[in-house]
Amino acid sequence: MDIKKILADATATLGVSGHEAEVAAYFAEQFRPLVDEVKVDAMYNVIARRKGNGPKIMLCAHLDEIALMVTKIEDDGCVRFGSVGGVDPRILPGSRVWVHGAKGKLFGTIGALPPHLMSAEDRTNNYKMDKLHVDLGMCAETVRSQVRIGDLITFNTPFTELANGQVAAKSLDDRACVAILLRAAERLQKLVCDADVYFVCSSQEEVGGRGAMTAAFGVEPDCAVVLDVDFALTPGCGPDVACPLDAMVVTHGPFIQPKLNKRLIDCAKAHNVKLTQTVAGRSTGTDADEIGVSRAGVPVVLLSLPEKYMHTSVETISLDTLEEGARLLAHFVSELDAGWEEDLWI
């Protein structure tokens with residue numbers, strides 16, 4: 001499996017929250033050779049099943065991405081926009097983007113009023129979304145013939161290899177973790193595994209976890225592992241709020257089943273997988289929150305991939321850490337047997 005190619009293809013594929021059809025189709029094709037059955041449900045969740053007679057486990061990573069959406073076309077042809085998911089307007093000026101119009105993608109750049117033309121007060125404040133625009137280099141009549149209110153706008157940034165096994169791209173949150181699911185599925189082909197495994201690529205996580213909520217209701221798993229990204233250390237971002245880039249992260253907290261979490265940590269120790277541990281004092285802000293309260297409740301743990309520059313066009317991860325996450329996940333799943341939950345509650 002060529003993980004770099006998968007990440008390059010996946011991050012270039014359209015999959016904004018609520019509009020995940022294209023990226024769902026892409027990941028469904030990647031899973032088909034590795035599992036017994038694959039379906040894409042009404043929410044654009046990809047559900048890939050590796051059949052087994054043991055406990056039913058759901059492994060979940062979201063496939064949707066943050067983006068922008070057209071809200072208005074000005075008389076000079078410039079396009080105003082709002083956000084889909086958590087987009088920070090401070091990162092936007094000067095960005096290269098695609099506007100997904102009726103006749104295909106249109107290249108644009110995000111512009112803003114130059115600081116030379118701002119008042120002294122405005123120069124002290126951050127840019128706000130309603131003060132930014134996309135310039136397509138077209139007159140209003142041409143723009144209005146191809147672009148409509150509600151059309152999507154995505155970052156136009158290529159997948160880029162950096163030094164020391166690091167890569168940068170948009171939407172590595174959370175398609176890098178979907179890649180972990182794929183690598184784990186590939187590894188499980190060489191391991192003895194009794195579990196009934198559901199690899200779920202969930203939709204709409206960036207706007208509230210609705211895909212994971214409905215997928216968990218349908219799968220009705222015995223337990224679940226959620227994979228998402230966590231903040232990696234960068235200058236000015238200390239160890240109290242971020243984690244080293246070179247190790248997967250396990251989370252402790254009230255939304256995490258503690259004994260299942262200990263089993264995951266013990267599995268990492270047994271297979272020499274380096275882990276960082278962190279705490280979420282309330283909710284985790286991931287699909288774990290929705291899956292844990294599905295139906296009568298699901299024991300859930302959270303395994304995270306450290307990522308620099310989250311929710312930007314240059315999200316950055318370590319491929320070595322990604323591979324270690326897949327190795328841990330495969331061993332954890334293969335070691336679930338019929339007695340896995342004997343001491344879970346007592």
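Evaluate the following for Ser318: is it closer than 25 Å to Glu186 by Cβ and either at pLDDT below 95 or polar (S, T, N, Q) (or both)? Working first, answer last.
Numbers: closer than 25 Å to Glu186 by Cβ: yes; either at pLDDT below 95 or polar (S, T, N, Q) (or both): yes.
Against the criterion (closer than 25 Å to Glu186 by Cβ and either at pLDDT below 95 or polar (S, T, N, Q) (or both)), Ser318 qualifies.
Any residue that is over 20 Å from Ala12 (Cα atoms), at pLDDT below 95 and within 28 Å of the chain's Cα centre (by Cα) - is there at least one of those in the range 97-114?
Quick first cut of the range 97-114, residues over 20 Å from Ala12 (Cα atoms) only: 111-114.
Filter once more, keeping what is at pLDDT below 95: 111-114.
Right, trim to within 28 Å of the chain's Cα centre (by Cα) and you get 111.
Yes: the range 97-114 contains one or more residues that are over 20 Å from Ala12 (Cα atoms), at pLDDT below 95 and within 28 Å of the chain's Cα centre (by Cα).
Among the residues of the range 143-160, which ones are among the hydrophobic types (A, V, I, L, M, F, W, C) and part of a loop (DSSP other than H, G, I, E, B)? Break it down into steps so the answer makes sense when it comes.
Going residue by residue through the range 143-160, those that are among the hydrophobic types (A, V, I, L, M, F, W, C) are 143, 147, 149, 152-153, 155, 159.
Within the range 143-160, Val147, Ile149, Phe159 meet the criteria.
Is it the case that Phe199 is in contact (Cβ under 8 Å) with a residue 40 or more places away in the chain, within 23 Å of Val23 (Cβ to Cβ) and not in a helix (DSSP H, G or I)? Quick ask: steps written out before the conclusion?
Details: in contact (Cβ under 8 Å) with a residue 40 or more places away in the chain: yes; within 23 Å of Val23 (Cβ to Cβ): yes; not in a helix (DSSP H, G or I): yes.
Judged against the criteria, Phe199 is a match.
Quick one: count up the residues across the range 202-218 that are farther than 12 Å from Cys60 by Cβ and either part of a loop (DSSP other than H, G, I, E, B) or not assigned by TED's automatic domain parsing to the domain that holds Glu290 (or both).
Going through the range 202-218 one residue at a time, the tally reaches 2.
If you take just the strands (runs of 3 or more DSSP E) that sit entirely in the range 242-346, which of them hold at least 2 residues that are in contact with a Leu (Cβ under 7 Å, 6 or more places away or on another chain)?
Result: 248-252, 300-307, 315-318.
Going residue by residue through the range 199-213, is there one that turns out to be buried (at least 24 other Cβ atoms within 10 Å of the Cβ), among the hydroxyl-bearing types (Ser, Thr, Tyr) and on the phi < 0 side of the Ramachandran plot?
yes
Considering only residues of the range 241-299 that are acidic (Asp, Glu) and closer than 15 Å to Gly209 by Cβ, which is nearest to the chain's Cα centre (by Cα)?
So in the range 241-299, the residues acidic (Asp, Glu) come out as 246, 266, 287, 289-290.
Narrowing further to those that are closer than 15 Å to Gly209 by Cβ: 287, 289-290.
Numbers: Asp287: 10, Asp289: 15, Glu290: 15 Å.
Looking at residues that are acidic (Asp, Glu) and closer than 15 Å to Gly209 by Cβ, I get Asp287.
Specify which of the listed residues (Leu63, Leu34) is of a type in the set (A, V, I, L, M, F, W, C), touching a residue at least 12 places away in the same chain (Cβ under 8 Å), in contact with a Ser or Thr (Cβ under 7 Å, 6 or more places away or on another chain) and closer than 18 Å to Ala179 by Cα.
The conditions single out Leu63.
Among the residues of the range 118-126, is there at least one that is touching a helix residue (DSSP H, G or I) at 6+ places or on another chain (Cβ under 7 Å), among the polar types (S, T, N, Q) and exposed (fewer than 13 other Cβ atoms within 10 Å of the Cβ)?
Yes - at least one qualifying residue is present in the range 118-126.
Considering only the range 1-119, give the strands (runs of 3 or more DSSP E) lying wholly within it that have at least 3 residues that are closer than 22 Å to Arg175 by Cα.
So the answer is 37-40, 46-50, 56-62, 67-73, 96-101.
Among the numbered criteria (1) over 22 Å from the mean Cα position of the chain (by Cα); (2) within 21 Å of His19 (Cβ to Cβ), which one does Asn164 miss?
(2)
The values are calculated or read from the model by the stated rules, or taken from the named source; none is laboratory data. Since we're looking at a predicted model, the values are computed, not measured. Counting neighbours? That spans all protein chains shown, and the Cβs are built from the backbone with ideal geometry, glycine included.
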